[in-house]
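The structure appears below as C-alpha coordinates.
The values are calculated or read from the model by the stated rules, or taken from the named source; none is laboratory data. No experiment lies behind these values; they were computed from the predicted model shown. Here the Cβ positions follow ideal geometry from the backbone for every residue, glycine too, while neighbour counts run over all protein chains shown. Surface accessibility is based on the protein's heavy atoms, side chains included, excluding ligands, DNA and RNA. Shrake-Rupley method; radii C 1.70, N 1.55, O 1.52, S 1.80 Å.
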Amino acid sequence: MPSRTHFVAAMSHELRAPLGSISGFASLLDAEIEGPLTEAQRLSIQRIRQSAESLIASLSDILDTAKADVGRILLTRGLVDPLVLLEDIAAAARAYVEHLDPPCTIFVSTHGHTEFLPARVDARRIVQATLCLVRHALRTGTPSTLEVSLRAPNVPGERAVLFTVTDSERASDQEEAETAFDPFSELHDASGRRILGLGLSLALGRKLARMHGGDVWPDTSRGTSWLLQVPAD
(Lines give C-alpha, C1' and ligand atoms only; values in the text may rest on other atoms or scores of the structure.)
Protein backbone atom coordinates (compact mmCIF):
# COMPACT_ATOMS: atom_id res chain seq x y z
CA MET A 1 0.00 0.00 0.00
CA PRO A 2 2.72 2.63 0.83
CA SER A 3 4.44 1.90 -2.53
CA ARG A 4 1.18 2.59 -4.33
CA THR A 5 0.73 5.82 -2.40
CA HIS A 6 4.26 7.00 -3.24
CA PHE A 7 3.70 6.16 -6.91
CA VAL A 8 0.37 8.03 -7.00
CA ALA A 9 1.92 11.05 -5.25
CA ALA A 10 4.83 11.16 -7.73
CA MET A 11 2.62 10.78 -10.80
CA SER A 12 0.14 13.32 -9.47
CA HIS A 13 2.88 15.94 -9.22
CA GLU A 14 4.19 15.10 -12.70
CA LEU A 15 0.72 15.57 -14.17
CA ARG A 16 -0.49 18.51 -12.07
CA ALA A 17 2.49 20.72 -12.92
CA PRO A 18 1.83 20.88 -16.68
CA LEU A 19 -1.93 21.04 -16.15
CA GLY A 20 -1.39 24.01 -13.82
CA SER A 21 0.66 25.69 -16.54
CA ILE A 22 -2.10 25.11 -19.11
CA SER A 23 -4.68 26.63 -16.78
CA GLY A 24 -2.38 29.55 -15.93
CA PHE A 25 -1.55 30.41 -19.54
CA ALA A 26 -5.23 30.14 -20.46
CA SER A 27 -6.01 32.65 -17.68
CA LEU A 28 -3.41 35.05 -19.08
CA LEU A 29 -4.89 34.75 -22.56
CA ASP A 30 -8.37 35.31 -21.11
CA ALA A 31 -7.01 38.54 -19.60
CA GLU A 32 -6.13 39.62 -23.18
CA ILE A 33 -2.42 40.10 -22.54
CA GLU A 34 -1.82 39.07 -26.17
CA GLY A 35 -4.50 41.40 -27.49
CA PRO A 36 -8.31 41.53 -27.76
CA LEU A 37 -10.23 38.27 -28.10
CA THR A 38 -13.26 37.45 -30.16
CA GLU A 39 -16.20 35.89 -28.33
CA ALA A 40 -15.42 32.52 -29.95
CA GLN A 41 -11.79 32.71 -28.82
CA ARG A 42 -12.81 33.62 -25.27
CA LEU A 43 -15.22 30.68 -25.14
CA SER A 44 -12.51 28.29 -26.37
CA ILE A 45 -10.05 29.55 -23.74
CA GLN A 46 -12.64 29.15 -20.99
CA ARG A 47 -13.23 25.56 -22.09
CA ILE A 48 -9.48 24.91 -21.94
CA ARG A 49 -9.37 26.29 -18.39
CA GLN A 50 -12.42 24.31 -17.35
CA SER A 51 -10.98 21.04 -18.68
CA ALA A 52 -7.55 21.62 -17.10
CA GLU A 53 -9.05 22.52 -13.73
CA SER A 54 -11.35 19.49 -13.85
CA LEU A 55 -8.33 17.23 -14.45
CA ILE A 56 -6.39 18.89 -11.62
CA ALA A 57 -9.36 18.31 -9.28
CA SER A 58 -9.56 14.64 -10.31
CA LEU A 59 -5.84 14.15 -9.68
CA SER A 60 -6.17 15.80 -6.27
CA ASP A 61 -9.01 13.39 -5.44
CA ILE A 62 -6.83 10.41 -6.39
CA LEU A 63 -3.92 11.65 -4.27
CA ASP A 64 -6.05 12.52 -1.21
CA THR A 65 -7.92 9.22 -1.43
CA ALA A 66 -4.60 7.34 -1.46
CA LYS A 67 -3.40 9.37 1.54
CA ALA A 68 -6.63 8.72 3.44
CA ASP A 69 -6.37 4.98 2.75
CA VAL A 70 -2.99 4.82 4.53
CA GLY A 71 -3.80 7.32 7.28
CA ARG A 72 -1.61 10.13 5.97
CA ILE A 73 -4.23 12.88 6.17
CA LEU A 74 -3.87 14.61 9.53
CA LEU A 75 -6.70 16.86 10.67
CA THR A 76 -5.97 20.27 12.16
CA ARG A 77 -9.09 20.87 14.21
CA GLY A 78 -10.29 24.19 15.53
CA LEU A 79 -13.55 25.61 16.84
CA VAL A 80 -15.41 26.96 13.80
CA ASP A 81 -18.62 28.97 13.37
CA PRO A 82 -20.70 26.97 10.85
CA LEU A 83 -22.00 30.19 9.26
CA VAL A 84 -18.42 31.28 8.51
CA LEU A 85 -17.72 27.80 7.18
CA LEU A 86 -20.80 28.07 4.92
CA GLU A 87 -19.43 31.34 3.49
CA ASP A 88 -16.09 29.65 2.73
CA ILE A 89 -17.85 26.70 1.09
CA ALA A 90 -19.99 29.02 -1.04
CA ALA A 91 -16.93 31.02 -2.13
CA ALA A 92 -15.10 27.83 -3.16
CA ALA A 93 -18.15 26.53 -5.03
CA ARG A 94 -18.68 29.81 -6.87
CA ALA A 95 -15.03 29.92 -7.89
CA TYR A 96 -15.33 26.37 -9.22
CA VAL A 97 -18.43 27.07 -11.36
CA GLU A 98 -17.26 30.50 -12.53
CA HIS A 99 -16.34 29.41 -16.05
CA LEU A 100 -18.79 26.55 -16.57
CA ASP A 101 -20.66 26.34 -19.84
CA PRO A 102 -23.63 26.22 -19.50
CA PRO A 103 -23.39 28.41 -16.39
CA CYS A 104 -24.37 27.27 -12.93
CA THR A 105 -25.50 29.51 -10.06
CA ILE A 106 -24.70 28.64 -6.44
CA PHE A 107 -27.62 29.50 -4.16
CA VAL A 108 -26.85 29.64 -0.42
CA SER A 109 -29.42 29.09 2.32
CA THR A 110 -29.70 28.54 6.07
CA HIS A 111 -33.40 27.55 5.86
CA GLY A 112 -34.37 30.31 8.27
CA HIS A 113 -31.91 29.36 11.02
CA THR A 114 -29.60 32.06 12.36
CA GLU A 115 -27.77 30.26 15.17
CA PHE A 116 -25.81 27.03 15.05
CA LEU A 117 -23.59 25.21 17.51
CA PRO A 118 -19.87 25.59 16.74
CA ALA A 119 -18.01 22.58 15.37
CA ARG A 120 -14.47 21.46 16.17
CA VAL A 121 -13.30 20.51 12.69
CA ASP A 122 -10.52 20.98 10.18
CA ALA A 123 -12.23 23.80 8.28
CA ARG A 124 -10.15 23.33 5.13
CA ARG A 125 -11.05 19.65 4.93
CA ILE A 126 -14.76 20.28 5.50
CA VAL A 127 -14.73 22.87 2.70
CA GLN A 128 -12.95 20.29 0.53
CA ALA A 129 -15.47 17.57 1.42
CA THR A 130 -18.46 19.78 0.62
CA LEU A 131 -16.86 20.93 -2.63
CA CYS A 132 -16.51 17.23 -3.50
CA LEU A 133 -20.32 17.00 -3.27
CA VAL A 134 -20.68 20.08 -5.51
CA ARG A 135 -18.33 18.61 -8.09
CA HIS A 136 -20.19 15.32 -8.04
CA ALA A 137 -23.50 17.11 -8.67
CA LEU A 138 -21.96 18.91 -11.63
CA ARG A 139 -20.51 15.68 -12.99
CA THR A 140 -23.97 14.12 -13.20
CA GLY A 141 -25.21 16.84 -15.58
CA THR A 142 -24.49 20.53 -15.10
CA PRO A 143 -27.57 22.00 -13.36
CA SER A 144 -28.43 25.68 -13.73
CA THR A 145 -28.68 26.07 -9.94
CA LEU A 146 -27.17 24.24 -6.99
CA GLU A 147 -28.21 24.95 -3.42
CA VAL A 148 -25.52 24.82 -0.74
CA SER A 149 -27.17 25.06 2.64
CA LEU A 150 -26.70 24.79 6.39
CA ARG A 151 -29.54 23.11 8.27
CA ALA A 152 -30.51 22.20 11.77
CA PRO A 153 -29.94 18.49 12.56
CA ASN A 154 -32.71 16.09 11.54
CA VAL A 155 -33.06 14.82 15.12
CA PRO A 156 -34.20 17.45 17.65
CA GLY A 157 -31.54 18.06 20.30
CA GLU A 158 -28.80 16.37 18.29
CA ARG A 159 -25.47 18.19 18.53
CA ALA A 160 -24.42 18.27 14.91
CA VAL A 161 -23.73 20.55 11.95
CA LEU A 162 -25.44 19.59 8.71
CA PHE A 163 -24.40 20.91 5.28
CA THR A 164 -26.32 19.95 2.14
CA VAL A 165 -25.74 20.24 -1.60
CA THR A 166 -28.98 19.96 -3.57
CA ASP A 167 -29.60 19.56 -7.29
CA SER A 168 -33.38 20.03 -7.45
CA GLU A 169 -33.33 19.54 -11.25
CA ARG A 170 -32.10 15.94 -11.20
CA ALA A 171 -34.12 13.13 -9.68
CA SER A 172 -32.50 9.82 -8.78
CA ASP A 173 -33.63 6.85 -6.74
CA GLN A 174 -32.05 5.94 -3.43
CA GLU A 175 -30.29 2.86 -4.82
CA GLU A 176 -28.62 4.86 -7.61
CA ALA A 177 -27.60 7.58 -5.15
CA GLU A 178 -25.97 5.04 -2.81
CA THR A 179 -24.13 3.38 -5.70
CA ALA A 180 -22.52 6.72 -6.54
CA PHE A 181 -20.39 6.44 -3.36
CA ASP A 182 -18.47 3.53 -4.87
CA PRO A 183 -15.20 4.82 -6.39
CA PHE A 184 -15.42 5.03 -10.19
CA SER A 185 -18.97 3.67 -10.21
CA GLU A 186 -20.93 4.04 -13.44
CA LEU A 187 -24.47 5.06 -14.32
CA HIS A 188 -26.36 3.43 -17.19
CA ASP A 189 -29.53 4.26 -19.10
CA ALA A 190 -32.59 2.00 -19.30
CA SER A 191 -31.01 -0.08 -22.07
CA GLY A 192 -27.90 -0.74 -19.98
CA ARG A 193 -25.69 1.63 -21.99
CA ARG A 194 -23.04 3.41 -19.88
CA ILE A 195 -23.79 7.13 -19.75
CA LEU A 196 -21.12 8.37 -17.34
CA GLY A 197 -18.58 7.42 -14.69
CA LEU A 198 -18.62 9.14 -11.33
CA GLY A 199 -14.98 9.21 -10.29
CA LEU A 200 -13.92 9.68 -6.67
CA SER A 201 -15.50 12.95 -5.51
CA LEU A 202 -18.40 11.53 -3.52
CA ALA A 203 -16.31 8.73 -2.00
CA LEU A 204 -13.62 11.20 -0.92
CA GLY A 205 -16.20 13.57 0.58
CA ARG A 206 -17.54 10.70 2.70
CA LYS A 207 -14.02 9.67 3.79
CA LEU A 208 -13.23 13.21 4.96
CA ALA A 209 -16.55 13.49 6.83
CA ARG A 210 -16.03 10.14 8.56
CA MET A 211 -12.54 11.19 9.64
CA HIS A 212 -14.34 13.91 11.64
CA GLY A 213 -16.77 11.39 13.17
CA GLY A 214 -19.50 12.41 10.73
CA ASP A 215 -20.85 11.06 7.46
CA VAL A 216 -22.27 11.84 4.02
CA TRP A 217 -25.47 10.29 2.70
CA PRO A 218 -28.03 10.92 -0.09
CA ASP A 219 -31.59 12.24 0.15
CA THR A 220 -33.73 11.78 -2.96
CA SER A 221 -36.97 13.22 -1.57
CA ARG A 222 -36.47 16.58 -3.35
CA GLY A 223 -34.39 16.24 -6.48
CA THR A 224 -31.11 14.81 -5.22
CA SER A 225 -29.33 16.08 -2.12
CA TRP A 226 -26.07 15.03 -0.50
CA LEU A 227 -25.91 15.70 3.22
CA LEU A 228 -22.65 16.13 5.13
CA GLN A 229 -22.93 15.99 8.92
CA VAL A 230 -20.21 16.47 11.51
CA PRO A 231 -20.58 16.55 15.32
CA ALA A 232 -20.99 19.95 16.97
CA ASP A 233 -18.81 20.91 19.93
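Among the residues making up segment 88-99, a single one is touching a residue at least 12 places away in the same chain (Cβ under 8 Å) and either surrounded by fewer than 13 Cβ atoms within 10 Å (Cβ to Cβ) or acidic (Asp, Glu) (or both): ASP88. Selection over segment 100-146 of residues that are among the charged types (D, E, K, R) and under 26 Å from ARG170 (Cα atoms) gives a count of 3. A Cβ distance below 6 Å, combined with a sequence gap of six or more or placement on separate chains, defines the contacts here; from segment 70-87, residues that are more than 27 Å from HIS111 (Cα to Cα) reach residues that are acidic (Asp, Glu) in the pairs LEU75/ASP122; THR76/ASP122. Looking across segment 44-83 at every residue that is modelled with pLDDT of 85 or more, of a type in the set (A, V, I, L, M, F, W, C) and open to solvent by less than 70 Å² (accessible area, probe 1.4 Å), the one that is nearest to ALA17 (Cα to Cα) is identified as ILE45. Looking at segment 116-129, can you tell me whether even one residue there is modelled with pLDDT of 95 or more, buried (at least 18 other Cβ atoms within 10 Å of the Cβ), among the β-branched types (Val, Ile, Thr) and in a helix (DSSP H, G or I)? Scanning segment 116-129, I find at least one residue that is modelled with pLDDT of 95 or more, buried (at least 18 other Cβ atoms within 10 Å of the Cβ), among the β-branched types (Val, Ile, Thr) and in a helix (DSSP H, G or I), so the answer is yes.
Of the candidates LEU79, LEU83, LEU75, the single residue that is part of a strand (DSSP E or B) and more than 28 Å from ILE45 (Cα to Cα) is LEU79. Scanning segment 143-169 for residues that are crowded, with 17+ Cβ neighbours inside 10 Å and either at pLDDT below 85 or outside any strand (DSSP E or B) (or both) yields PRO143, ALA152. Residues of segment 130-142 being under 21 Å from ALA160 (Cβ atoms) and either aromatic (Phe, Trp, Tyr) or open to solvent by less than 30 Å² (accessible area, probe 1.4 Å) (or both), which ones? Across segment 130-142, the qualifying residues are THR130, CYS132, LEU133, VAL134.
Per-residue answers, yes or no, for (1) within 21 Å of SER149 (Cβ to Cβ); (2) modelled with pLDDT of 90 or more; (3) open to solvent by less than 40 Å² (accessible area, probe 1.4 Å):
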| site | (1), (2), (3) |
| --- | --- |
| ALA180 | yes, no, yes |
| HIS188 | no, no, no |
| LEU198 | no, no, yes |
| LYS207 | no, yes, no |
| SER221 | yes, no, no |
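Could you look through segment 102-115, keep only residues that are assigned to a loop (DSSP other than H, G, I, E, B) and either hydroxyl-bearing (Ser, Thr, Tyr) or farther than 18 Å from PRO82 by Cβ (or both), and pick out the one that is farthest from the chain's Cα centre (by Cα)?
Of all residues in segment 102-115, those assigned to a loop (DSSP other than H, G, I, E, B) come to 102-104, 110-115.
Those left that are additionally either hydroxyl-bearing (Ser, Thr, Tyr) or farther than 18 Å from PRO82 by Cβ (or both): 102-104, 110, 114.
On the way: PRO102: 18, PRO103: 17, CYS104: 14, THR110: 19, THR114: 25 Å.
Out of the qualifying residues, it is THR114.
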